[in-house]
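Values in this text are rule-based calculations from the coordinates and carry no lab data. Just so it is clear, the structure is predicted and the values come from calculations on it, not from any experiment. As a convention, Cβ positions derive from the backbone with ideal geometry for all residues, glycine included, and neighbour counts pool all protein chains shown.
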Amino acid sequence: MNRLKAIATTCAVVLAAPAAALGAPNPFLREQASPIPAADQGSNANYRSFVTRVTPSVPGLQVQVLAFADRLQLFNHTGRTVTIYGYQNEPYARLLPNGTVQLNERSPALYLNTSFYGNDVSVPASANPSSPPQWATVFKTGNFQWHDHRIHWASPQAPPQVKNTSRRTLIFDWTVPISVGSQRGAISGQLYWQPSTSTASPLAYIVLAVILVAAIVLVVVVRRRRTGGPPGPDAADAPQRSAAEEVW
């Protein structure tokens with residue numbers, strides 16, 4: 001149980017830390033993507049996953065993509081149990097009506113999802129997808145986020161679909177099977193290659209903004225000096241004082 005809790009916490013908390021630092025995402029925006037990837041897991045800003053459809057269409061069920069294409073987050077306020085299925089169609093996780101989140105200790109996905117590519121993980125023999133689920137409670141939050149290999153490109157090499165890296169390109173359609181109560185359905189989406197808009201770092205934009213502000217201030221100061229500045233309360237007496245000074 002302690003091991004399971006550690007795995008769940010690693011997936012749902014540690015991976016979510018970069019995105020949470022910029023503020024919690026809106027659970028009602030199904031296609032919202034977090035502004036920061038889980039860089040330590042290999043997520044890349046050029047890959048963008050989007051949820052296009054969730055079935056069955058049930059009020060209170062929301063799904064969104066986090067960190068470009070790194071993981072999914074599901075909110076269950078349906079009043080029914082929502083089950084997420086793994087890579088061999090075995091029950092992987094479920095969210096009960098009271099907000100309890102449980103993971104199946106016998107699902108291979110439980111272990112494969114701890115790695116971005118899933119190729120450096122040892123799946124124990126006890127993780128048999130054909131065995132009856134062995135559920136263990138890990139959270140009571142009513143929502144669950146997990147890394148899912150079905151929604152991202154599973155290689156450090158560029159996909160063959162991308163012929164021109166400067167163009168937005170559809171890589172593939174994806175589905176993650178779920179059920180709401182007794183109704184089977186799926187989270188459907190698409191993975192795109194998104195070209196980089198700029199190679200400049202955020203610091204470069206900040207420096208540029210500071211330079212522009214300084215230039216504007218300098219122009220204003222120079223203009224005021226050339227025009228003598230705004231007239232003061234003694235401006236009417238200025239010609240008389242000037243004449244007197246010249247005679248003296």
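Results, tabulated for the structure shown:
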quantity	calculated
Stretch gain in nm, segment Leu170-Ser126, where the contour uses 0.36 nm per residue and the Cα spacing is subtracted	12.1 nm
Whole-Hz ³J(HN,Hα) from phi, Karplus 6.51 cos²θ - 1.76 cosθ + 1.60, for the stretch 161-166, glycine and proline x	5, 8, 8, 10, 5, 8
Efficiency of FRET between Ser196 and Asn89 - r from beta-carbon atoms, R0 45 angstrom, step 0.05	0.75
Listed peptides 141-149, 170-178 by packing density, highest first (mean Cβ within 10 Å)	141-149, 170-178
